[in-house]
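The values are calculated or read from the model by the stated rules, or taken from the named source; none is laboratory data. Owing to the predicted nature of the structure, the values given are computational and were not obtained by experimental measurement. Ideal geometry is used to build each Cβ from the backbone, glycine not excepted, and the neighbour counts take in all protein chains shown.
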Amino acid sequence: MSKGTTMLPATVHHEFKDEAPVLSVRHLAKRFGAGCDYCCDPHAKLERNICPVCGTVHAVRDISLEVHRGEILGIVGESGSGKSTLMQCLYFDQEPSAGDMRVAAYDGGDGNCFGLSRQQKRLIRDEIFGMVYQNPYLGLRMNFSSLSNIAEKQIAAGIRDVSSMVDRGRELLDRVNIPLRREQDPPRAFSGGMQQRVQIAKALSNRPPLLFLDEVTTGLDLSVQARVLDLILSLRRDLGVSMVVVSHDLGVIRLLADRTIVMLDGQVIEHGLTDQIMQDPQHAYTQELVYSLL
């Protein structure tokens, strides 16, 4: 082993069976409030996502999903539908109220990752998952250089060889079309689109098999959106990275996703191949989304 590199823990397996889901989630729920006998029944009728008896907010309610190798799963829904809360639970930014999550690259998918220790969850975040937030201020240190931001995630994974970190950082900045002459510039000096691209570079630093992207084009000009979306597609094509992409914009999901989940009031109301949903939406809310694109 070369100086400065660190062995991954035995529980991390970046090679896994192609047919096994990269990510498998069952019956995930996140509620704000204690809940009661009425609203904890998954079939209870709520007022949107609020219990009429105890007032508990059910932000995510009984969600199950799978992501396969090299696949982009889209999650679409209006503001308040629960899609960002779902993403935060998957990335361990929030503790779910219930549910089971299996990660193939961690232990072959044998155990529920929601039950792991804080240290084990941090290992998954640092070495198996990558996250790109809607707000770049959540994903980047705005006063550190772009290279330092990318190196931060490598350091968290135990890498200590400075030259290899610099080489990897430059490789990724070039990959996301950030001029290398700006490698020492802090993200606060960049445009919104460039900040998102630095976030993507940081998320890729440890070659994770799975990326989470939460509303990454919101607030960007259309031409900048197009460049970010082209970059995302090129990463899937060239690197085979699996992704979960959250957006309120069905146009973004139509361009990126192989399969799509439609959320409303914390629940999945429709799911299937993106083309099928676009051509034959079943739920009235999905029909509104599709027709708004025509």
Practice problem: Scan the range 187-233 residue by residue and report those that are more than 16 Å from ASN135 (Cβ to Cβ) and either of a type in the set (Ser, Thr, Tyr) or part of a loop (DSSP other than H, G, I, E, B) (or both). | Solution: LEU204, SER205, ASN206, ARG207, PRO208, PRO209, ASP221, SER223
Quiz item: Quick one: which of ASP258, ASP249 is among the acidic types (Asp, Glu), in contact (Cβ under 8 Å) with a residue 40 or more places away in the chain and closer than 19 Å to VAL67 by Cβ?
Solution: ASP258
Practice problem: Please identify the pairs in which a residue from the range 166-195 that is in contact (Cβ under 8 Å) with a residue 40 or more places away in the chain and among the acidic types (Asp, Glu) has its Cβ atom under 7 Å from the Cβ atom of a residue that is part of a loop (DSSP other than H, G, I, E, B) and surrounded by fewer than 19 Cβ atoms within 10 Å (Cβ to Cβ), counting only partners at least 6 apart or on another chain. | Solution: ASP185/SER145
Practice problem: Could you tell me which of the residues GLN184, GLN276 is part of a loop (DSSP other than H, G, I, E, B), modelled with pLDDT of 95 or more and surrounded by fewer than 15 Cβ atoms within 10 Å (Cβ to Cβ)? | Solution: GLN184
Self-check item: Lone unmet requirement of (1) in contact with a Ser or Thr (Cβ under 7 Å, 6 or more places away or on another chain); (2) outside any loop (DSSP other than H, G, I, E, B); (3) over 24 Å from THR217 (Cα atoms); (4) not β-branched (Val, Ile, Thr) for SER163
Solution: (1)
Quiz prompt | Positions within the range 73-87 being part of a loop (DSSP other than H, G, I, E, B) and crowded, with 22+ Cβ neighbours inside 10 Å, in sequence order | solution = GLY77, SER81, GLY82
Exercise. Pull up the range 101-121, narrow it to residues that are more than 18 Å from the chain's Cα centre (by Cα) and assigned to a helix (DSSP H, G or I), then point me to the one that is nearest to SER242 (Cα to Cα).
Key: ASP107
Quiz prompt | TYR91 vs. criteria closer than 18 Å to PHE129 by Cβ and hydroxyl-bearing (Ser, Thr, Tyr) | solution = yes
Quiz item: Can you name the condition, by its number, that CYS113 falls short on among (1) crowded, with 19+ Cβ neighbours inside 10 Å; (2) more than 23 Å from HIS271 (Cβ to Cβ); (3) among the hydrophobic types (A, V, I, L, M, F, W, C)?
Solution: (2)
Quiz prompt | Lone unmet requirement of (1) touching a residue at least 60 places away in the same chain (Cβ under 8 Å); (2) within 26 Å of GLY251 (Cβ to Cβ); (3) part of a strand (DSSP E or B) for ARG31 | solution = (2)
Quiz item: How many residues, within the range 236-249, are more than 9 Å from ILE75 (Cα to Cα) and touching a helix residue (DSSP H, G or I) at 6+ places or on another chain (Cβ under 6 Å)?
Solution: 1
